[in-house]
Structure formats: C-alpha cells, structure tokens
Amino acid sequence: MCTRYFGVLAAIAALTVPAMLASGAGAQSAPAPAVAPAPPPPVMPPSLPPSFVADIMSARDAGALGVQWKTLDAKIVEAQPVQGALPIHKTTYDISPHAGEGGFDDSAWPAIKPEDLAVRRSGGRVGFVWYRTGITIPARIGDFDTTGAKAVLRVLVDDYAEVWVNGQMPRQSGYPSPATIQGLNLPNRVVLADSVKAGDRFQIAVFGINGPISVAPLNMVWFREARIEFYK
C-alpha cells in the first residue's frame, strides 16, 4: 500500500515539475513589454502681460539663453500597420525622425542663426520640419532677474506646430493642450516651469507643419515668432 502511494506521488511529480519549469522558463524569456510613460498633463499659461519677454529669434536674447537652433526636414516613411488594423492595410506611414523624444542625437544636424528661423523651409505642399535647441536660464537677462519667474515658451509657426519639452509633449485628451496644434497660424504657449532659477535647462523640439494638410498648400514652413515669456 505504502509503496503504491509513493509510486503515485512520483508519477504526479514527473508530470507537473517539467511543466512548471517550462512555464517559468517561458516567463523569463518573454518579459512583458515596457509601457511608455504617460505624457505630462498640460499647464495653462497666464493670460496677463508678461513681466519680461526674451526674443529667441534675436542673436542677443538667444545668446543670453544659450540657444543654438538646429533644423532638419522630416520625412513620411512606410511602417507596419498597428495591431487590429483591417486586413486591407498592408502598410501605413510614420514620421522620420522622431526628434522630439528624450535623448535624441541632433549633433549631425545643421545649426542656423536665430534670425534664420524666419527662412522658408520644406518643399511646400505636405511638409514637416523639425527645429531643436537647448535653453539654459541665466540669472539675469539684461536688467531682468529671472529667479522665481514662471517661464513660458511662445512659438508661432506658419502654419502649425507641436512642441516637445525635455522629450515629452504635454497633453491630455479632452483638455486644452497648448503644446499641440492650436489652429492655423495660432501661437503655442507652453509652460516650461512655474519657477525657474539660474542654470535650469530645457530641451526644446518644435515640429513645424505645413497646412492645412489636406489642401497641400504651396507655401512653406517658417517661424513668425519664438519667445520666452517670464511672469512674476
């Protein structure tokens, strides 16, 4: 009786242990895919007149803020359809490069002068242009003490723009999101920080878009203005 009991236990172990080991090995070899971090929520900028405005399309103010603009045309490239797409879709389209993401290397991009943001770029029609720069807050800009000020990036790109700050585009569905497209030739006003201090650094990427896209207009992409608004 005892011998038969232990024989049954041995048989069960022989069946279950390899299955458990295989299951464990499979779990280790196929980890769950990483979930992309949620974008930060948008912050509405003040409506009052700013205490001070730095024009980062000018050499003087761009120099004070450590601004060095770089630019490159974006391209439309083929990509694999997303999961759940209808079977008729064998391919879809994406933008290249994804230059708004954190850690993007723009070292090979051509640098331009601040005033050259006004140069018409892209080939017109359906066109997209990336602009990137770092911004470093100084202790003072002229006579203005930046310490403790709310800093707001204001850009107006002809015709649309999306703004990335430190690798993220602040946005939330169903809420006003100033970093996303605001409308035809309307400014984006994106809060960089509620209170800045000397040495604070921000990586900015602006995605300029020719539009209306379905019109494929004959104009091109360019900046009408680029400023840092400070509020105290």
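Derivation of every value follows stated rules applied to the coordinates shown; laboratory data play no part. Predicted, not measured: the structure shown is a model, and the values here were computed from it. So basically every Cβ, Gly included, is an ideal-geometry build from the backbone, and we count neighbours across all protein chains shown.
Per-residue 3J(HN,Hα) values for the range 128-135, derived from phi via the Karplus relation 6.51 cos²θ - 1.76 cosθ + 1.60 with θ = phi - 60°, read 9, 9, 8, 10, 9, 7, x, 10 Hz in sequence order (x marks Gly and Pro).
When each of the peptides 173-181, 107-115, 128-136 is scored by the mean number of other C-beta atoms lying within 10 Å of its residues, the order from highest to lowest reads 128-136, 173-181, 107-115. Annotation: amide H of Leu192 within the under-5 Å range of Ala151, Val152, Leu153, sequence separation 5 or more or interchain, hydrogens built in the peptide plane. Near the amide H of Met57, within less than 5 Å, lie the amide hydrogens of Ala226, all on another chain or at least 5 residues away, with H placed in the peptide plane.
Across the range 186-203, rounded Karplus estimates of 3J(HN,Hα) from the backbone phi angles (6.51 cos²θ - 1.76 cosθ + 1.60, θ = phi - 60°) give 10, x, 9, 10, 10, 6, 7, 6, 6, 8, 9, 9, 4, x, 4, 10, 10, 9 Hz, Gly and Pro being marked x.
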